[in-house]
Number of protein chains: 2
Amino acid sequence: MCANINEATLPAKNGVIYHLQVTANDVANNIIMVGDPERVPKIAELVFDKSKDIFRKDHRGLCVMTGYTIGDGMRLSVITHGMGTGSAEIVLNEVLALKAIDINSRTPIEVKEPVNIIRIGTSGALQSSTKLGTTIITKYSIGLDNTGLFYDIPPQSPQIVKLENIVDDLFNKGAANTCRYKGGIHAYASQPDPRMVDALVRASEKNKLLHKLGITTTVPGFFNCQGRLLFEELPETVESIDKLLCFDFDGVQPENLEMEISILSLISSGLKWVRFGAMCMAIANRRLNTFASDVESSLDPTVLTAVDALREMSKIPL
Amino acid sequence: MCANINEATLPAKNGVIYHLQVTANDVANNIIMVGDPERVPKIAELVFDKSKDIFRKDHRGLCVMTGYTIGDGMRLSVITHGMGTGSAEIVLNEVLALKAIDINSRTPIEVKEPVNIIRIGTSGALQSSTKLGTTIITKYSIGLDNTGLFYDIPPQSPQIVKLENIVDDLFNKGAANTCRYKGGIHAYASQPDPRMVDALVRASEKNKLLHKLGITTTVPGFFNCQGRLLFEELPETVESIDKLLCFDFDGVQPENLEMEISILSLISSGLKWVRFGAMCMAIANRRLNTFASDVESSLDPTVLTAVDALREMSKIPL
């Protein structure tokens with residue numbers, strides 16, 4: 001932990017952290033994160049044992065619920081990270097602060113148990129062969145947002161730097177020379193915890209979940225940032241991001257576009273006690289311009305699979 | 001409007017837009033945007049005439065309320081933009097789509113009335129002389145997030161490009177040569193509507209609101225992105241952003257750090273029928289490491305001032 005953490009650096013009062021408005025005791029070591037706060041009680045309904053205590057706090061459009069899973073009674077928190085990396089950076093840092101910092105004295109706590117975090121979300125598929133409703137497990141994460149560029153975390157391997165360079169080149173060439181911000185978009189890459197990725201694949205196979213392993217690209221918006229142009233006066237810097245992201249990286253391909261994984265994966269890669277994984281259902285196909293119906297987009301099987309993976313990860317000590 | 005807007009480009013059903021879950025009729029032409037959805041009903045309570053219809057929709061941690069102001073009955077919407085530019089990009093585009101696109105047929109509507117939007121928020125002050133509780137009116141907006149880099153909107157003036165270059169140089173020099181992402185952070189600048197800025201200054205003077213005019217810098221996160229370091233393992237790319245942002249730009253100085261104005265201002269600058277302005281209270285001083293008490297941070301006088309400015313702007317035709 002850093003020296004000189006003061007009230008302005010980590011706003012909190014009476015052990016309650018600023019944006020989430022919860023204390024360290026309110027958050028479990030196994031965590032599911034979702035974008036939409038309305039999904040938090042839905043997931044709680046699906047996985048929590050109602051005969052045991054269930055905690056809930058709503059604040060600033062964020063929701064935290066903590067309970068015990070049906071059957072084995074694993075303590076689990078379901079937490080909103082909001083829309084976009086700006087919001088996700090706030091929520092993840094606050095969760096990690098609750099685990100590793102005594103909020104009252106602003107002094108470090110020795111972390112003795114791992115923190116396992118899985119983002120479950122929806123995303124747009126990049127390969128025309130991907131059936132709507134497929135859950136994509138992130139093998140590599142690329143951030144085209146720039147929240148992660150403010151974090152000087154060492155790359156996990158030379159491969160990660162290679163992946164960043166591939167995407168930087170694609171985006172630099174992809175913008176017309178006349179574009180005001182040509183050359184201004186840079187990628188940051190990272191890898192979710194390989195043990196978590198394995199656990200997610202195993203759990204998906206066990207539960208017969210339609211799934212794919214791939215590269216997930218995070219973008220800093222939903223409209224121009226994903227090639228959704230609404231107004232002629234607001235043209236895009238890079239044409240057809242979905243078509244640009246066509247490459248093979250050691251047998252893995254860019255599979256989906258979404259808005260939060262890059263920063264969750266990068267920050268987690270810098271802390272040994274955090275194991276992060278992500279699985280996002282494809283609810284749109286960016287190449288075919290299709291959008292899933294309600295029937296195709298139930299996240300329940302994906303959630304149950306994530307809980308199985310958390311069960312496995314929680315048994316692997318630090 | 002662009003050709004080929006389909007369901008995947010603009011998700012909507014029965015005239016209801018995807019993330020906000022409202023129809024065109026539910027949103028007024030005068031809009032206050034805030035980050036925290038809990039502020040929406042508080043502002044409604046303060047400014048809406050309760051003898052007239054009040055609309056409310058909550059969805060995905062976002063809230064839209066529309067009513068008529070006490071006294072003159074101006075139709076006004078109060079809308080959450082969420083935390084960060086990713087969320088703000090979604091909300092602004094959806095609001096503008098409701099104004100300029102027939103959502104059912106996905107064809108353009110001729111915009112006949114201006115849309116006036118004021119963001120009201122909280123922010124960290126950058127000048128040690130700024131008293132906590134001061135409302136800072138944005139004269140120039142700098143985005144250090146990169147959501148706006150995906151929008152190829154022409155600069156409003158050569159001055160705007162000059163401002164971008166000043167900040168790019170500062171940030172490039174501000175990162176150590178060993179930093180993984182040195183040179184990767186780029187600024188995009190824009191100016192809120194000058195008539196709106198004037199209206200906000202006049203209304204602030206009329207209401208004796210403690211205020212300042214300045215340059216607002218938007219960052220893509222709250223922790224490392226604003227120099228709030230919690231973990232040694234997660235160092236910052238650029239040291240002390242608050243100390244870097246010390247320059248004079250034609251008599252105007254960087255006054256505050258926040259998380260959404262850059263993209264709201266840039267997108268608005270590209271559409272003639274949108275007039276955007278922003279006023280954020282300083283609730284922290286990044287130079288003094290102080291944080292405002294509840295007493296100092298009531299936004300009510302700022303909200304009433306913004307409503308006065310919207311009253312003035314709504315009388316200026318397209």
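Has the stretch B:213-224 got any residue that is in a loop (DSSP other than H, G, I, E, B), facing another protein chain (nearest Cβ under 10 Å), hydroxyl-bearing (Ser, Thr, Tyr) and crowded, with 19+ Cβ neighbours inside 10 Å?
Looking for residues that are in a loop (DSSP other than H, G, I, E, B), facing another protein chain (nearest Cβ under 10 Å), hydroxyl-bearing (Ser, Thr, Tyr) and crowded, with 19+ Cβ neighbours inside 10 Å, one finds none in the stretch B:213-224, hence no.
Can you confirm whether residue B:71 is free of Cβ contacts under 8 Å to residues at least 40 places away in the same chain, part of a loop (DSSP other than H, G, I, E, B) and either away from chain A (no Cβ under 13 Å) or not polar (S, T, N, Q) (or both)?
yes
So, in the stretch A:265-313, of the ones that are closer than 18 Å to residue A:215 by Cα and aliphatic (A, V, I, L, M), which residue ends up surrounded by the most Cβ atoms within 10 Å (Cβ to Cβ)?
A:278
Among the residues of the stretch A:13-40, how many are farther than 13 Å from residue A:80 by Cβ, at the interface with chain B (Cβ under 10 Å from one of its Cβ atoms) and in contact with a strand residue (DSSP E or B) (Cβ under 9 Å, 6 or more places away or on another chain)?
1
Those residues that are surrounded by fewer than 23 Cβ atoms within 10 Å (Cβ to Cβ), assigned to a loop (DSSP other than H, G, I, E, B) and among the hydrophobic types (A, V, I, L, M, F, W, C), I need them from the stretch B:129-171; list them, please.
Across the stretch B:129-171, the qualifying residues are B:132, B:153.
Which one of A:43, A:117, A:90 is away from every other protein chain (no Cβ under 14 Å), assigned to a helix (DSSP H, G or I) and crowded, with 20+ Cβ neighbours inside 10 Å?
After applying the criteria, what remains is A:43.
Applying the selection to the stretch B:262-318, what residues are within 24 Å of residue A:11 (Cβ to Cβ) and assigned to a strand (DSSP E or B)?
B:278, B:279, B:280, B:281, B:282, B:283, B:284, B:285, B:290, B:291
Restricting to the stretch A:263-288, what's the tally of residues that are more than 14 Å from residue A:96 (Cβ to Cβ) and within 11 Å of chain B (Cβ to nearest Cβ)?
Here the count works out to 6.
Every number here is computed from the coordinates shown, using simple stated rules; none is lab data. Values in this document were obtained by computation on a predicted structure and should not be read as measured data. Please note: Cβ atoms are built from the backbone with ideal geometry, for glycine as well, and neighbour counts cover all protein chains shown.
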